[in-house]
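The numbers here are math on the coordinates, done by the rules we state, and not lab data. Since this is a predicted model, take the numbers as computed values, not measurements. Positions of Cβ are backbone-derived with ideal geometry, glycine not excepted, and every protein chain shown enters the neighbour counts.
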Amino acid sequence: MKSYEVVIVGGGINGCGLIRDLALNGVSTLLIDKGDFASQTSQGSSKMLHGGIRYLENADFALVQEALEEKNLWLKLTPHLCFERDFYLPLYDYSKYKPWMLRCGLFLYDFLSHFQNKAHDMLNPEETVQKIPSLEPKGLMGAGKYYDGVVDDAKLTLECLYDALLEPCANALSYHEVISTVKVADGYEVTYQSMRTPHKETVKAKFVVFTTGPFTDKLLPKLNVPWTPQLAPSKGIHLWLKEGSVDAKGSVVLTTKDNRVVFVIPQRHSILVGTTETPVDQDMFNIKATEKEVNYLLDVLRQYFPNSNLTKDSIISTFAGVRPLVREEGAPEALGKVSRFHKIFRPDQFTYVMLGGKYTTFRRMTQELAQEIVPRLGKAYHPNYTLNPLRQHSVMPTFGEQPKLTLEMVKKIIITEYVTTFEDLVKRRLSILDEPHHLKDVMGLPVDDVKALFR
């Protein structure tokens with residue numbers, strides 16, 4: 001029976017961040033995920049590295065400061081995966097914020113970044129329309145301009161994993177489901193089963209860590225882990241729109257009449273629009289956007305960009321994710337008000353559960369857990385190892401000039417980037433926005449030729 005010091009269940013950003021931290025500190029670790037790595041919540045974000053300017057309203061200053069510090073760190077460490085860009089937050093006569101309130105908030109945002117952000121600015125109505133010509137001018141009082149990061153969330157997750165797997169003590173399995181965890185004298189025996197074959201295997205582990213996000217409350221009771229439900233899951237959906245569908249030269253942050261925040265972010269020769277914030281009433285694995293949710297975002301865009309010719313044909317694709325928000329006693333019912341702070345639970349001596357938090361702060365979250373686990377294994381923990389750049393980059397970059405894709409490159413991606421299915425390749429290694437079943441070619445290669453590599 002194989003033995004590891006730590007088994008991590010859940011291959012999203014927290015699982016991949018944690019295996020990297022542990023592996024860099026010499027801890028033998030196995031990561032297991034039921035699907036592809038980064039295929040759930042960690043590819044369903046708004047593709048931003050940001051402090052979360054709206055969390056200032058909740059007085060979550062420590063969280064915003066931490067997120068801004070991490071955002072600026074990753075902008076330096078992974079410039080091939082993320083970049084800084086301007087965001088405009090327009091104010092209308094019905095907005096709950098007044099210009100002086102926004103000015104104070106933007107100054108505080110820059111202050112909490114230790115003034116590492118590019119400096120904010122305030123625009124009057126004429127300047128705002130000049131920057132965003134298609135914006136509804138009626139009732140417009142101006143806009144605030146500030147800076148945040150745009151990221152390929154799936155690839156940052158994957159490259160953290162690739163970095164971990166360069167260490168001989170690390171291993172990872174996608175498309176495997178953990179079906180039992182049995183307590184033994186000095187840890188656990190963890191049994192997992194392939195999702196594609198009947199194969200089962202059992203390994204020993206000193207510690208088991210669950211980084212299973214929105215699936216935690218349902219999974220842990222099945223594995224007989226002592227657990228009280230902790231989550232208030234929130235569904236967010238996004239649209240990828242054709243370039244030019246909305247005439248927005250910069251990124252726009254819309255505060256809607258029903259008190260939601262919708263981002264409009266031009267990138268990748270298209271426009272990303274999102275997100276919603278609704279309770280989850282459907283199966284969360286591979287969750288999809290509903291027609292009602294899509295129509296909601298289109299209606300918001302038509303309200304704020306009345307001259308845009310938006311139709312369903314403007315949509316390239318849609319995606320959805322579930323935020324694993326931690327419900328706190330006495331917390332407000334509105335999902336948008338639930339704190340984005342994370343929590344680490346310890347159901348028993350050898351089990352940890354990580355919940356909540358923001359994508360942007362994953363390194364700090366996993367570091368908090370790693371610096372507890374590593375000394376318990378009798379090893380010295382080195383907090384600066386995760387400050388080093390990622391050592392293995394994706395073959396196909398997301399931003400900037402992309403090389404012409406060849407079948408040889410695809411073969412290399414399949415081997416070196418832990419690809420199992422055609423969808424893994426298209427959605428997460430090549431970052432193609434179209435739905436895989438709609439593709440006529442794969443970046444210039446015939447679909448059938450690429451699919452043949454998976455037979």
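The equivalent ellipsoid that matches the C-alpha gyration tensor of region 125-266 spans semi-axes of 47, 19, 14 angstrom, in descending order.
Taking amide H as placed 1.01 Å from N in the peptide plane, the amide H of His342 sits under 5 Å from that of Gly357, each at least 5 places away or on another chain. Distance from the C-alpha centroid of region 1-70 to that of region 153-223: 14 Å, rounded to the whole angstrom.
Counting Lys and Arg as +1 and Asp and Glu as -1, each charge on the Cβ, what is the dipole of region 140-252 about the Cα centre in debye, to the nearest 20? Spell out each step's value before the answer.
On the way: 12 positive and 13 negative charges, 77 e Å.
In debye, rounded to 20, region 140-252 gives about 360.
Can you give the log10 of the normalised intensity I(q)/I(0) at q = 0.19, 0.22 Å⁻¹, computed with Debye over equal Cα scatterers of region 407-454? The Debye formula, applied to the Cα set alone, gives -0.51, -0.70.
Only bridges whose two residues both fall in the chain count here: according to DSSP, what percent of them are antiparallel, nearest 5?
Values: 62 of 81 bridges.
Approximately 75 percent, going by the DSSP bridge assignments.
Placing unit charges on each Cβ (+1 for Lys and Arg, -1 for Asp and Glu) gives the chain a dipole about its Cα centre, and among Pro137, Cys169, Leu123 the Cα reaching farthest toward its positive end belongs to Cys169. Remark on Leu173: its backbone amide H falls under 5 Å from those of Leu31, Ile32, Asp33, a criterion applied only to residues 5 or more positions apart or on other chains, H modelled at 1.01 Å from N. Backbone geometry of region 210-216 corresponds, through the Karplus equation with coefficients 6.51, -1.76 and 1.60 at θ = phi - 60°, to 3J(HN,Hα) couplings of 9, 10, 9, x, x, 8, 5 Hz, x marking Gly and Pro. Under a model in which nothing but the beta-carbon of Lys, Arg (+1) and Asp, Glu (-1) is charged, region 407-454 shows a dipole of about 140 debye around its Cα centre.
Placing unit charges on the Cβ atoms of the charged side chains and taking the dipole of the chain about its Cα centre, the candidate lying farthest along the positive direction among Gln282, Phe107, Val184 is Val184.
The angle between the Cα long axis of helix 362-376 and the main principal axis of the chain comes to about 20°, on a 0 to 90 degree scale. Report, to the nearest 10°, how far helix 153-165 tilts away from the longest principal axis of the Cα atoms in the chain, using its own Cα long axis and a range of 0 to 90°. Rounded to the nearest ten degrees, it is 30. Taking amide H positions as modeled 1.01 Å from N, with prolines and chain starts lacking one, the residues under 5 Å from Gly142 and 5 or more places away or on another chain are Leu91. Of the peptides 347-357, 414-424, the ranking by mean beta-carbon count within 10 Å, highest at the top, reads 347-357, 414-424. Packing, as the average of other Cβ atoms within 10 Å across residues, places the peptides 213-220, 234-241, 161-168 in the order 234-241, 213-220, 161-168, highest first. Could you pull out the trypsin sites (Lys or Arg not before Pro) across region 262-303 that fall in loop regions by DSSP (anything but H, G, I, E, B) with no more than 12 other Cβ atoms inside 10 Å? Within region 262-303, the qualifying trypsin sites (Lys or Arg not before Pro) (loop, at most 12 other Cβ atoms within 10 Å) are Lys288. Across region 176-193, coupling constants 3J(HN,Hα) worked out from phi with the 6.51/-1.76/1.60 Karplus curve, θ = phi - 60°, read 9, 10, 6, 10, 7, 10, 10, 5, 10, 4, 10, x, 9, 9, 10, 10, 10, 10 Hz, and Gly and Pro carry x. Taking the 0 to 90 degree range and rounding to the nearest ten, how far is the long axis of helix 13-24 tilted relative to the main principal axis of the chain, both from C-alpha atoms? Once rounded, one gets 50 degrees.
Arrange the peptides 6-19, 398-411 so that the one whose residues have, on average, the most other Cβ atoms within 10 Å appears first. Don't jump to the answer; show the numbers that get you there.
Working: 6-19: 29.4, 398-411: 13.0.
My ranking of the peptides, most packed first, is 6-19, 398-411.
Matching the structure-derived mean projected area of the Cα convex hull in nm² against the labelled list [x] 21.5; [y] 23.2; [z] 106.8 gives the label [x].
Selection among Val442, Leu453, Ile414 by position relative to the dipole of region 407-454 gives Ile414 as farthest towards the positive end (Cβ unit charges, Cα centre).
Evaluating 6.51 cos²θ - 1.76 cosθ + 1.60 at θ = phi - 60° for every residue in region 396-409, the Karplus couplings come out as 9, x, 7, 10, x, 6, 9, x, 5, 6, 10, 5, 5, 5 Hz, glycine and proline recorded as x.
Put a plus charge on the Cβ of each Lys and Arg, a minus charge on the Cβ of each Asp and Glu, and nothing anywhere else: the dipole of the chain about its Cα centre is then about 320 debye.
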